[in-house]
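Values quoted throughout were computed directly from the atomic coordinates according to the rules given, and no laboratory measurement underlies them. Predicted, not measured: the structure shown is a model, and the values here were computed from it. FYI the Cβ positions are ideal-geometry reconstructions off the backbone, even for glycines, and counts take in every protein chain you see.
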Amino acid sequence: MKKYPQNEKRKEAGAPVEKRNVERPIVREERVFSASVTVMVIAVILVFNVMFYILASLFRLYFSPTKDDPQTLTGSTDAIFAEAIAKKRTVKIYFCNDEETVSAHDTGSLVYETAQLYKERYPEFIDIEYINIITKRDSKGNRFPLSNYTENDEVILKSSVIFECVESGEYKVVTDAYTSAGYADFYSLDSNGYILSYDGEEFFATMISWVLAEEHKKAYFTTTHSEQVDSSFVKLLMAAGYESDMISLRDSAVPDDADLLVISNPRSDFEISIDGSGVAVATSEIGRLEAYLKRGGNLYVSLDPYVKKLYSLETFLEGYGIGLSETEIDGKIYRDIVRDGANAITTNGYTIVTEHADGTIATQISENMDKYSDNDVIIREAGALTLSGTAQALLTSSRSASCENAGIVTKTGGSFPVAAYNTVTSADGKETGNIFVVSSIYMTVSDALVTNGYSNKDFIYSLIEYLYGAENMPYGCQSVLYDSSVLENLTMSTANLYTAIVLAVPTTIAILGAVVVIRRKNR
Amino acid sequence: MLAVFKKEMRSYFTSVIGYVFLVLYLALSGAVLCYTTLYSMSSDVTSYFTIMLLLSGIVLPLLTMKSFSEERKVKTEQLLLTAPVSIIGIVVGKFLAAYSIYAGCMVLNTLYCLVLLNYSSLKVAVLFGCLIASLLVGLVFIAIGLFVSALTENQLTAAIGTIAIILGFLAIGLIGSLFPSDYAIRYVFNFLSIFTRFQYFTNGVIDIASIVYYISVAIIFGYLTVRIYDRRRYN
């Protein structure tokens with residue numbers, strides 16, 4: 001022990017010895033040692049982490065268990081091609097690039113895979129060839145007559161795909177089947193131009209059916225009323241076997257070859273001139289519509305319930321028993337917009353899951369759709385329809401729906417028709433046509449059609465088959481959805497139920513906890 | 001260690017704090033899950049787990065704030081330190097108790113996500129990755145909470161201190177993103193950032209280096225807690 005001089009003097013004087021903290025240096029040393037060990041341990045761990053980080057980057061020490069699901073064919077096309085296979089027809093698919101390039105292309109690879117799947121499924125019916133459009137030779141070195149496929153001024157690029165029926169020589173060029181800069185017919189895009197889905201199975205079926213068909217139906221879209229035509233609807237009509245074109249009824253009557261006339265979301269009214277007897281003049285737009293229907297034409301109309309009243313067109317449709325419902329409140333007229341909180345897929349209640357109406361055609365469509373899909377058809381911001389005479393509903397809202405506009409409830413009671421049809425018999429009684437009206441512009445937009453959970457596409461195909469008499473619809477073809485995180489078939493009422501269940505757990509724990517703590521306190 | 005673990009678990013389920021944490025955490029996580037998936041019509045769970053990362057940083061300190069600070073406040077610290085159990089055993093026992101509750105809540109929330117399989121193609125690999133990341137981040141947050149709790153006898157101070165350190169760690173990634181990508185210092189910040197490493201897992205990538213990092217940070221704070229108590233035992 002260290003001697004302190006003061007202590008020695010105190011001892012001599014007989015005074016108590018002052019104790020000093022003689023252990024201070026030892027404790028200080030221990031602390032320094034302890035701190036050094038701590039710093040060293042932390043430093044070692046840090047250095048180990050840095051080295052591991054570098055090694056992990058160099059040797060890719062991570063794994064990614066995500067993988068894309070491989071494409072498959074649903075088999076929906078077996079029925080469509082059965083007749084052609086029985087007749088031993090063959091279809092050739094020409095890719096205008098070599099196989100290695102096509103299979104490695106970022107968007108072309110899916111098209112390549114689909115072609116391979118079709119060839120595997122129908123080996124006697126489908127054949128694939130790869131063409132070099134520069135040398136105009138196929139993969140075996142044989143000369144390829146490229147000029148035979150540009151008779152109608154088709155443009156053929158390295159990213160094009162040509163479909164041809166060998167027996168008839170009928171061909172179809174898909175000019176820009178896939179590129180990395182733009183996307184074409186094999187894909188569906190949303191309104192912002194982003195890819196929604198890859199629709200290879202359906203588009204291949206469309207093209208193969210197209211070249212096998214002996215004739216194609218014609219659909220005309222009206223113009224000059226700011227009509228909004230969704231490209232996915234045009235593509236759908238093509239899959240149903242229709243060639244599309246535009247027509248201005250101000251300039252000409254509906255052509256004789258028109259199998260279907262489409263009035264798609266007009267924003268301005270149709271012209272009408274009334275003669276002395278109160279009948280629309282034949283050269284006015286409404287007059288031309290009348291004439292078309294009287295000769296047994298088919299009409300597809302989609303209306304925007306938020307657009308101001310199109311008097312001439314709506315009066316024309318009301319003449320066939322279908323009109324847009326309105327309610328007068330305090331001297332103001334409100335369109336009845338259907339809202340269904342329980343059966344909506346959005347929180348505002350305006351994107352609703354519809355129900356199939358009763359009625360012969362509605363039941364046929366519903367039963368047909370049952371074979372291929374879940375049967376649910378969604379529709380957004382639909383107006384309620386009023387029906388009279390022989391007009392019948394095809395789709396309605398559920399019984400829990402109401403009608404609202406600008407926050408005002410205009411109607412209650414549910415079961416509002418949102419899609420309806422009427423049959424029109426020609427003047428000589430020999431031809432019948434059909435008018436179909438849907439009171440929403442969103443039934444055939446890309447995100448309503450491109451979905452594996454809802455059946456809007458199959459509904460339209462069924463409509464075309466049962467109402468307009470077309471055949472060989474590509475039902476049930478699955479799309480490869482790019483944004484497959486969308487929840488489908490979930491209504492707000494189900495979401496509310498799940499939320500209640502999830503929140504019931506902490507509620508139960510709170511009650512149990514309160515009981516336990518109170519009992520302990522009172523013990 | 002087992003005795004300490006059992007004691008801590010008993011104290012969580014016989015006192016208010018355990019139930020408050022469970023109710024608050026499960027209610028918040030349930031509400032966030034429903035809002036980000038069911039009401040957004042999306043089966044993408046990455047936004048849910050990212051929000052829960054931030055919420056965990058605020059709610060987890062409730063669980064850890066009383067671990068050591070209460071012992072000091074009610075003067076039971078001496079009993080603990082003189083008990084025939086090592087400091088490491090004490091720290092690990094308390095850590096495991098808090099972590100068991102957190103992990104149980106996290107696994108339950110992940111099971112809720114499976115309901116989305118009925119309505120969409122849920123990316124199970126991403127869900128699994130997010131769960132692993134959340135459990136690893138829980139290790140770090142709880143270790144930080146125990147460390148701060150050991151420093152003070154005031155529970156509120158312990159909670160606030162823990163939240164401050166956790167938010168500091170989360171902010172490291174934000175600070176790093178302010179630098180241009182070719183600056184070396186950005187790599188340093190990304191290396192230290194809990195949030196940046198968390199994002200690898202939300203993309204469905206199981207990054208071994210990040211797993212090592214999270215465990216290392218938890219070990220560092222655990223070691224510091226042991227050092228504090230070791231020093232206190234012999235003082």
Total charge of the residues flanking residue A:142 in space, meaning their Cβ is under 12 Å from its Cβ, with Lys and Arg +1 and Asp and Glu -1, is +2
Computed curve, chain A, Cα-only Debye sum without solvent term, log₁₀ I(q)/I(0) at 0.07, 0.13 Å⁻¹, is -0.55, -1.29
With +1 on each Lys and Arg Cβ and -1 on each Asp and Glu Cβ, how big is the dipole of segment B:1-110 about its Cα centre, in debye rounded to the nearest 20? 400
Using a 10 angstrom cutoff on alpha carbons, build the Gaussian network for chain B and name the most mobile of B:24, B:131, B:62. B:24
If the only charges are +1 at each Lys and Arg Cβ and -1 at each Asp and Glu Cβ, what is the size of the charge dipole of segment B:137-235 around the Cα centre, to the nearest 20 debye? 260
Unsatisfied cross-links (Cα-Cα over 28 Å) in the set A:88/A:140; A:87/A:218; A:218/A:308; A:172/A:294; A:119/B:123; A:294/A:332: A:218/A:308; A:172/A:294; A:119/B:123; A:294/A:332
Unit charges on C-beta of K, R, D, E only; dipole of chain B, Debye: 600
To the nearest 0.05, what FRET efficiency results for residue A:214 and residue A:99 with a Förster distance of 30 Å applied to their C-beta separation? 0.40
To make sure I understand the rule: partners must be lysines, Cα under 24 Å from the Cα of residue A:371, and not fewer than 8 residues away in the same chain. Which ones qualify? A:235, A:457
Antiparallel DSSP beta bridges within chain A, percent to nearest 5: 70
Of A:302, A:342, A:369, which is farthest on the positive side of the dipole of segment A:256-382, counting Cα position, with +1 on Lys and Arg Cβ, -1 on Asp and Glu Cβ, and the Cα centre as origin? A:302
Share, in percent, of DSSP beta bridges within segment A:71-162 that are antiparallel, nearest 5: 50
Within chain A, which whole H helices from DSSP have a Cα span along their axis of at least 24 Å and a mean Kyte-Doolittle hydropathy of 0.0 or more, if any? A:24-59, A:492-522
Residue A:440 neighbourhood, Cβ < 14 Å, K/R = +1, D/E = -1, net charge -3
Based on DSSP H runs of at least 4 residues, each adding -39500 (n - 2.57), what is the mean residue ellipticity at 222 nm of the protein assembly as shown after dividing by all its residues, to the nearest 500 deg cm²/dmol? -15000 deg cm²/dmol
Looking only at other chains, what is the average number of their beta-carbon atoms within 10 angstrom of each beta-carbon in B:198-211? 4
Taking the dipole of chain A about the Cα centre (Lys, Arg +1; Asp, Glu -1; charges at Cβ), the one of A:238, A:322, A:382 that reaches farthest to the positive side is A:382
Compute the angle between helix B:46-59 and the longest alpha-carbon principal axis of chain B, please, reported from 0 to 90 degrees and rounded to the nearest 10. 20
Using a Cα-Cα cut-off of under 24 Å, which lysines could be cross-linked to residue B:7, ignoring same-chain neighbours fewer than 8 residues away? A:521, B:66, B:73, B:75, B:94
³J(HN,Hα) computed for each position of segment A:255-269 - Karplus, 6.51 cos²θ - 1.76 cosθ + 1.60, integer Hz, glycine/proline x: x, 5, 8, 6, 8, 8, 10, 10, 10, 10, 6, x, 10, 10, 6
Give me A:508, B:152 sorted ascending by neighbouring Cβ count inside 10 Å, so fewest comes first. A:508, B:152
To the nearest 10 degrees, how steeply does helix B:2-14 sit against the main Cα axis of chain B, on a 0 to 90 scale? 70
Residue A:115: net charge of surrounding residues, Cβ under 13 Å, Lys/Arg +1, Asp/Glu -1, itself excluded? -3
